[in-house]
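What follows is a set of notes on a single structure, which appears directly below.
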Amino acid sequence: MGDILALTVEHLMLSAAGVGLALVVGIPLAILITRYRTLAGFTMAVTDVLQTIPSMALLAALMIYLGLGNQTLVVTLMIYSLLPIVRNTYTGITGIDKGLIEAGKGMGMTRWQLLRMVQIPVALPVIMAGIRVAMVTAIGIATLGVLIGGGGLGAPIWRGMQIVDSSMILSGAIPAALIAILCEFGLAKLEKAVTPRGMKASSPAKS
Amino acid sequence: MRKRLRRFFSLLVIAGLLIGTVSGCGGDGADKITVGSKNFTENILLGEIMAQLIENKTDLKVERKLNLGGTLVAWEALKKGDLDLYPEYTGTALMAILKKEVMYDADEVYNLVQKEYNEQFQVKWLKPFGFNNTYATAVTREMAEKYNLVKTSDLKPYAKDLVFCAEQEFFNRDDGYDGFVKTYNLQFKDKRAVETALKYQAVAEGKVQVIDAFSTDGELVTYDMVILEDDKGFFPPYHGAPIIRMDTLEKYPELEEVLNLLAGQISDTEMQQLNYQVKEQKKDAAEVATKFLQDKGLI
């Protein structure tokens, strides 16, 4: 049982690492393509295509360059997390009411200030929704990590499948599902928390 | 609120960087060798047997990577040096790795893969374990009796009503599905690709009727399946043997002698029994490996 706990923690860490790296790469990239819109179509197309590669194929291909182990898994998870993060950040920022931008400009905000004080806060709920999708997907894909010598809950799941032992499969699958649900729940809370006060649906207007 | 958010993001990033660095500089400890295996019971068992034998007979530390996603992953990892050795099959090496035409003489195949691996990849084949884990076609005993099936050719009149099922790899190989149906001139009603472990369940539930099997599969006993004789000799030899990087052998020459203790020690039926214990009786692979080595007086 202690094993499963350790694997669960490792699984969560690996998934978070993949998503974390995708944030570091994806958010600046998304902001960049909101400024250079001609790049947007191309960038989206690339992240779309990456998403369609079967995960085992991507793991195996990356393994050839990055070797056996968690680093390959984390990079794979990052690649799968890029699409929801880039797309949601881009959509969130470009979907902002033009009036808000104009108001910001009218107040004399620089582009950086506008980004930091208007665009990102207003887009945050949409970005967070992307992170939620990315995190849950990553937790699922991370179960394949064992196949390229990585860690996580894939070990009991795959061993269980090989020896047709459902309790062993479940000992890996249930914690994976649980952390997915917990992450979904926690991130949803966070999403609410980061929604700017002014945007929260105020108590329904009484008619 | 913003502080909380910032903390959350930095945690994610830190987790990412930490794992990146930790796994990046993963201990290059001296006198450690890495034993790999592919992700099926027999290969894992062989990996475990070799690992335990090395631990018992030498002072080397053994790291196990025993559940790698197929031939491609294990082989690329060995070439790259992430693995020092893993159990491979002569037929797999000949066709999947070297992309050679199929050959049927066991010694010829072994000698050829030995030569090619030595020259192309600086990898050495140690002595074979003994068993030949070749492909075979299997049906339930019930069906074999009903249609009086003994040889694979006997399937011909019934194939149009039968569904053939195998793992994906069988459909992708030259010595797999396409060549098989051509050689025997079979036209199945349908074909399905499933995960190896689900194949026997599918056939037991009657969802499919004919499957590919390995001659050492433990499930053949459990599910009461009959192997149909390969009367046209379509399936080539697949003798299992350890393959090891030559630079590892140079560094630890004792490994060759130690691993060759396993030469010829495992027959087809012995391998079937070992697989059966792990896969069907749910015994721990490491314990089964220890028991095997003790029974053979090797440790």
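Details
- Whichever residue in the range B:156-176 is in contact (Cβ under 8 Å) with a residue 24 or more places away in the chain and among the aromatic types (F, W, Y) and, among such residues, is surrounded by the fewest Cβ atoms within 10 Å (Cβ to Cβ): B:F170
- Conditions (1) over 17 Å from the mean Cα position of the chain (by Cα); (2) farther than 22 Å from B:R64 by Cα; (3) crowded, with 16+ Cβ neighbours inside 10 Å; number of the one not met by B:Y238: (1)
- Test: residue in the range B:262-280 that is touching an Asp or Glu at 6+ places or on another chain (Cβ under 7 Å), within 14 Å of another protein chain (Cβ to nearest Cβ) and free of Cβ contacts under 8 Å to residues at least 40 places away in the same chain: no
- Exclusive hit being on the phi < 0 side of the Ramachandran plot, away from every other protein chain (no Cβ under 11 Å) and touching a Ser or Thr at 6+ places or on another chain (Cβ under 6 Å), set A:I174, A:I93, A:I179: A:I93
- In summary, helices (runs of 4 or more DSSP H) completely within the range A:21-139 and bearing 3 or more residues that are hydroxyl-bearing (S, T, Y) occur at A:37-52, A:70-94.
- Positions within the range A:152-171 being part of a loop (DSSP other than H, G, I, E, B) and more than 9 Å from chain B (Cβ to nearest Cβ), in sequence order: A:G152, A:L153
- Conditions (1) modelled with pLDDT under 95; (2) more than 18 Å from the chain's Cα centre (by Cα): number failed by B:Q122: (1)
- Any hit, the range A:91-100, residues being of a type in the set (A, V, I, L, M) and either surrounded by 21 or more Cβ atoms within 10 Å (Cβ to Cβ) or modelled with pLDDT of 95 or more (or both): yes
Each row is one residue, and each column tells you yes or no for (1) closer than 28 Å to B:T183 by Cα; (2) crowded, with 22+ Cβ neighbours inside 10 Å; (3) at pLDDT 95 or above; (4) not aromatic (F, W, Y).
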| site | (1), (2), (3), (4) |
| --- | --- |
| B:D217 | yes, yes, no, yes |
| B:K232 | yes, no, no, yes |
| B:L249 | no, no, yes, yes |
| B:I266 | no, yes, yes, yes |
| B:E270 | no, no, no, yes |
| B:A286 | no, no, yes, yes |
| B:I299 | no, no, no, yes |
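- When the residues of the range A:69-88 are filtered to those that are more than 13 Å from every other protein chain (Cβ to nearest Cβ) and β-branched (V, I, T), the one that is surrounded by the most Cβ atoms within 10 Å (Cβ to Cβ) is A:V86.
- Complete set of residues in the range B:166-206 that are assigned to a loop (DSSP other than H, G, I, E, B) and more than 12 Å from every other protein chain (Cβ to nearest Cβ): B:R173, B:D174, B:D175, B:G176, B:N185, B:L186, B:Q187, B:F188, B:K189, B:E205, B:G206
- The residue of the range B:242-288 that is nearest to A:R159 (Cα to Cα), among those that are among the small types (G, A, S) and more than 16 Å from the chain's Cα centre (by Cα), is B:A286.
- Residue ID - farthest from A:L115 (Cα to Cα), chosen from residues in the range A:1-55 that are facing another protein chain (nearest Cβ under 10 Å) and not aliphatic (A, V, I, L, M): A:E10
- All positions within the range B:201-253 that are of a type in the set (D, E, K, R) and in contact (Cβ under 8 Å) with a residue 40 or more places away in the chain: B:K207, B:D212, B:D217, B:E219, B:D224, B:E229, B:D230, B:D231, B:K232, B:R245, B:D247
The values are calculated or read from the model by the stated rules, or taken from the named source; none is laboratory data. Note that the structure is predicted; figures quoted are calculated from it, not measured. Cβ atoms come from the backbone with ideal geometry, glycine included; neighbour counts cover every protein chain shown.
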